[in-house]
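Read the structure below first, then the notes.
The values are calculated or read from the model by the stated rules, or taken from the named source; none is laboratory data. In this text the structure is predicted, and so the values were computed from the model without any measurement. Don't worry about glycine lacking a Cβ; one is built from the backbone with ideal geometry, like all the others, and counts go over all protein chains shown.
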Amino acid sequence: MRTPHRMDPDPHPRPYDRSEAPPDPYEELGALDDGPLDEFPGATTEPWAEREPEREPEWTPPVHRRGGRRRRGRFAGLPLAAKAVVGLVVLAAFVTLADRWALLYAEHRAADTLKDQLDLAAAPEVEIGGFPFLTQLADKRLDSVRVTVPDVSADRVSLAKVSATAHDIRLDADGLTSVRGAHVPRLDGDVLLSFSDLNRELGASQVTFTGDGRDRVKARGILPVAGHDLRLRAEATIRRQGERGIGTQIGGIRLDIGDLATYRPGTRASDGLHLTPKASADVARETRKAKALLSVPAVVQRLGVPEAAVREALSDDGKLAELTGSPRFARQAQTLNLIDLALDNPEVLRGLGLDPDLLDALSQLTRPALADRLSLAFQLPEPKTGDMRLQYVRVQKDGIRVRLTGSGLALGSS
């Protein structure tokens, strides 16, 4: 039997036909070489060396900005009215810039002029109001000018800040660089006398000032006297003095010598050096201090104690305790003015614990001398032309503020 996978050869084979064979690629290439070259575009029969070289396209630089031509095209496509608006905006910006530059230049020149004319330590701050400035300059009239001057010397104190605003100023000028002067019809401003400056200038004795109502100032601190640090208390009443001055009335001056005594300068009965309630109680309780006090006839006379009772008390401690133990004795001891005893009876003062040199210095520290140390008065300078006066004075948290006004003032050659 035959296997199904084998095939018998054809018993009648056909002869081989060359036409049915696959084409030869080398023959096709040879046929192309034999054909004319004119069939291909750009072909020539000239030798290769004589052929004209092909020209490369001309190089142009690349455009790196994205959309540059597009933006120029958009602006070029704007209507004429829109272009005019853009041009006006640009022109207005340049005009505004020129106006601001001229304004800054004028403010700087005005500050230097005021510094020289008012003999100031530093140039003030000048702020010219109104817009535009060049139009005002051409009209020779300014709407307003605000001047701020720091640290102005005024008698014994310094004014922390003087601010004033002039209105409707008329200029004497021929352009921006040739301003000869100015006339100020109306001016208003304020003056600040700072407590911090007062503490620095008048506080060499470690005294500080604080506001106490609308017209009162409290002074508290330490005052060195004859090598002793005395606690100082005083009150100053602030009020206007004349048209350009500020006056202070110093009252309630009190110097405490520890817990021993209190000194009040003046000529009233309550003034002078007096024992404190604690010191008076100590005198009544301590035998040594009581005998030192009763041993002075002038003191006994002022106490109103009979001489016989004083002699018994000095010789008998029981009688002394009976005399000094009454409340009337302690109250009368407080009324004694110990300044009167300072020169004549220094040993009595030592017995009470007081330094006679201190009491001698206190006797020379009169009320006017102390008031002058604490005075906050000052006077505004009188202008060469026009009028300047103070309207009112107010005590505030930061210091003493004064409102001022002026009219008919002139600066420069005006």
Among the residues of region 363-402, count how many are part of a loop (DSSP other than H, G, I, E, B) and either of a type outside the set (S, T, N, Q) or surrounded by 17 or more Cβ atoms within 10 Å (Cβ to Cβ) (or both). 13
Can you name every residue in region 215-243 that is in contact with a strand residue (DSSP E or B) (Cβ under 6 Å, 6 or more places away or on another chain) and more than 25 Å from Thr267 (Cα to Cα)? Asp215, Arg240, Gln241, Glu243
Go through Asp229, Asp212, Asp188 for me and flag whichever is of a type outside the set (Lys, Arg) and in the same structural domain as Ile128 (by TED's automatic domain parsing). Asp188
Within the bounds of region 195-204, is there any residue that is assigned to a loop (DSSP other than H, G, I, E, B) and among the aliphatic types (A, V, I, L, M)? yes
How many residues does region 326-368 hold that are basic (Lys, Arg) and closer than 15 Å to Ser295 by Cβ? 1
Every listed condition ((1) farther than 21 Å from Asp340 by Cβ; (2) exposed (fewer than 12 other Cβ atoms within 10 Å of the Cβ)) holds for Gln301 save (1)
Candidate set from region 403-414 (those that are more than 12 Å from Glu243 (Cα to Cα) and assigned to a strand (DSSP E or B)); member that is modelled with the lowest pLDDT: Gly412
Is it the case that Leu255 is in contact with a Phe, Trp or Tyr (Cβ under 6 Å, 6 or more places away or on another chain) and within 18 Å of Leu358 (Cβ to Cβ)? yes
First in region 318-333 and free of Cβ contacts under 8 Å to residues at least 60 places away in the same chain, second anywhere and surrounded by fewer than 20 Cβ atoms within 10 Å (Cβ to Cβ) and among the acidic types (Asp, Glu), Cβ under 7 Å, 6 or more apart: Lys319/Glu312
Just one of the numbered conditions (1) buried (at least 17 other Cβ atoms within 10 Å of the Cβ); (2) closer than 30 Å to Pro368 by Cβ; (3) touching a helix residue (DSSP H, G or I) at 6+ places or on another chain (Cβ under 6 Å) is not true of Ile246; which one? (3)
Determine whether region 127-144 contains at least one residue that is part of a strand (DSSP E or B), at pLDDT 90 or above and under 19 Å from Pro381 (Cβ atoms). no
Pairs only if they're at least six apart or on different chains, beta carbon under 8 angstrom, first in region 366-379 and among the charged types (D, E, K, R), second crowded, with 18+ Cβ neighbours inside 10 Å; list them, first residue then second. Arg367/Ile253; Arg367/Pro265; Arg373/Leu202
Residues that are within 17 Å of Val225 (Cβ to Cβ) and part of a helix (DSSP H, G or I), drawn from region 347-356: Leu349, Pro356
Determine if region 219-227 includes at least one residue that is within 30 Å of Leu359 (Cβ to Cβ) and outside any strand (DSSP E or B). yes
Can you name the residue in region 135-162 that is among the β-branched types (Val, Ile, Thr) and within 17 Å of Arg244 (Cα to Cα) and is also surrounded by the fewest Cβ atoms within 10 Å (Cβ to Cβ) among such residues? Val152
So which residues in region 145-183 are among the acidic types (Asp, Glu) and either assigned to a strand (DSSP E or B) or touching a helix residue (DSSP H, G or I) at 6+ places or on another chain (Cβ under 6 Å) (or both), if there are any at all? Asp151, Asp168, Asp172
Residue in region 197-215 that is modelled with the highest pLDDT, counting only those that are touching a Leu at 6+ places or on another chain (Cβ under 9 Å) and hydroxyl-bearing (Ser, Thr, Tyr): Thr208
